[in-house]
1. In segment 227-243, how many are under 17 Å from residue 130 (Cα atoms) and part of a helix (DSSP H, G or I)?
2. When only residues in segment 189-211 that are at pLDDT 85 or above and in contact with a helix residue (DSSP H, G or I) (Cβ under 6 Å, 6 or more places away or on another chain) count, which is nearest to residue 45 (Cα to Cα)?
3. Counting just the residues of segment 85-118 that are in a loop (DSSP other than H, G, I, E, B) and not acidic (Asp, Glu), which one comes out surrounded by the fewest Cβ atoms within 10 Å (Cβ to Cβ)?
4. So which residues in segment 114-140 are of a type in the set (A, V, I, L, M, F, W, C) and under 25 Å from residue 262 (Cα atoms), if there are any at all?
5. Could we say that residue 172 is in contact with a strand residue (DSSP E or B) (Cβ under 9 Å, 6 or more places away or on another chain), more than 26 Å from residue 115 (Cβ to Cβ), surrounded by fewer than 14 Cβ atoms within 10 Å (Cβ to Cβ) and not aliphatic (A, V, I, L, M) here?
6. Restricting attention to segment 225-234, does a residue exist that is among the β-branched types (Val, Ile, Thr), surrounded by 13 or more Cβ atoms within 10 Å (Cβ to Cβ) and closer than 24 Å to residue 45 by Cα?
7. Consider residue 157 against the criteria (1) over 24 Å from residue 52 (Cα atoms); (2) within 17 Å of the chain's Cα centre (by Cα); (3) surrounded by fewer than 16 Cβ atoms within 10 Å (Cβ to Cβ): it satisfies all of them except one. Which criterion is unmet?
8. Would you mind telling me which numbered condition in (1) touching a helix residue (DSSP H, G or I) at 6+ places or on another chain (Cβ under 8 Å); (2) at pLDDT 90 or above residue 234 fails?
Amino acid sequence: MKTSRRNFIGGAAALGSAFGFPSIVRGQNLNSRLAHACIGTGGKGESDWQNFIKHPKVDIVAGCDVDTARMAGLKKAVPSLRAYQDWRELFEKEGDKIDSVNVSTPDHMHTLIAVTAMRRGKHVYCQKPLCRGLNESKLLFEVAKKSGVVTEIGAQVTGDTGDRAAVQWMKEGVIGDIERIYMYLNIKGYYRLPRREVPTGADPVPATLDWEKWLGTAPLREFKNEIYHPGRWRSWRDFGSSSMGDNGLHLMSAVWLGMQLGPDVAPISVIGESDHEWMKFDAARKPWATT
């Protein structure tokens, strides 16, 4: 299905989901098998479908990725897979054939795809970071509540023993009253802090990749090999939130749950500091190079 970038973004605006494993299936028959669709099948999307496929009551029936090469593994695992390169086409053609989806795309497309799924009555598992702003978060919350579907966010560390113990200790007051929380990220490399600049020049777009669909709702820019796709998109504000949204989410999760924070209980203040020494590059190096 072909569409112009203008029409794509127009449709996105017109469309404008806390998240897991759906237990409600078509016809409310809890003994039925879950018909599931994977949106984003490479990288984290691959580890997601590898987990879904192990569940004894789940059938992965459809998959979508803007880079068809990234679907090779899922196609091999599910020979009968109905494959798509456009998630909108998947929803249109699958209709009532699916019960749930997982959204494992770059962050900037999470909200639009998840909202579309929920409004169509599909249960949603969406990877973290869930969204890129408070306005998106509010929209997801409202649509999830109105749709009544089962939702979960892919913050896997919250299920680990360490996090679960820390949450319980905080709730039971084992460590006493908490006045200050200190969190540290010592991540080095290309996505430690989100960037705004756009690298110059352009490289040929791989034959398997629909670059305009990959950009989705983000501002138009030229394709640069190994700069955005695959993997490094998280470095740019247009697509992700760097290591703060990636690793930082895991650090904050136990604190948020253990202190039972929320709309009515929030920190009095938040202070963020960053050591910018790592940003001093040699003149010959590019600002997006790995450090």
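1. 5
2. Narrowing segment 189-211 to residues at pLDDT 85 or above: 200-211.
Applying the additional criterion that residues be in contact with a helix residue (DSSP H, G or I) (Cβ under 6 Å, 6 or more places away or on another chain) yields 205, 208.
Working: 205: 21, 208: 17 Å.
Step by step, filter segment 189-211, then rank; the result is 208.
3. Out of the qualifying residues, it is 85.
4. Within segment 114-140, 114, 115, 118, 124, 126, 130, 131, 134, 139, 140 meet the criteria.
5. Numbers: in contact with a strand residue (DSSP E or B) (Cβ under 9 Å, 6 or more places away or on another chain): no; more than 26 Å from residue 115 (Cβ to Cβ): yes; surrounded by fewer than 14 Cβ atoms within 10 Å (Cβ to Cβ): yes; not aliphatic (A, V, I, L, M): yes.
So residue 172 does not fit the description; no.
6. Taking every residue of segment 225-234 in turn, at least one turns out to be among the β-branched types (Val, Ile, Thr), surrounded by 13 or more Cβ atoms within 10 Å (Cβ to Cβ) and closer than 24 Å to residue 45 by Cα.
7. If we test residue 157 against (1) over 24 Å from residue 52 (Cα atoms); (2) within 17 Å of the chain's Cα centre (by Cα); (3) surrounded by fewer than 16 Cβ atoms within 10 Å (Cβ to Cβ), just (1) comes out false.
8. (2)
The values are calculated or read from the model by the stated rules, or taken from the named source; none is laboratory data. The shown structure was predicted, so the numbers you read here are calculated from the model rather than taken from an experiment. Quick reminder, even Gly has a Cβ in these numbers, built from the backbone with ideal geometry, and neighbours come from all protein chains shown.
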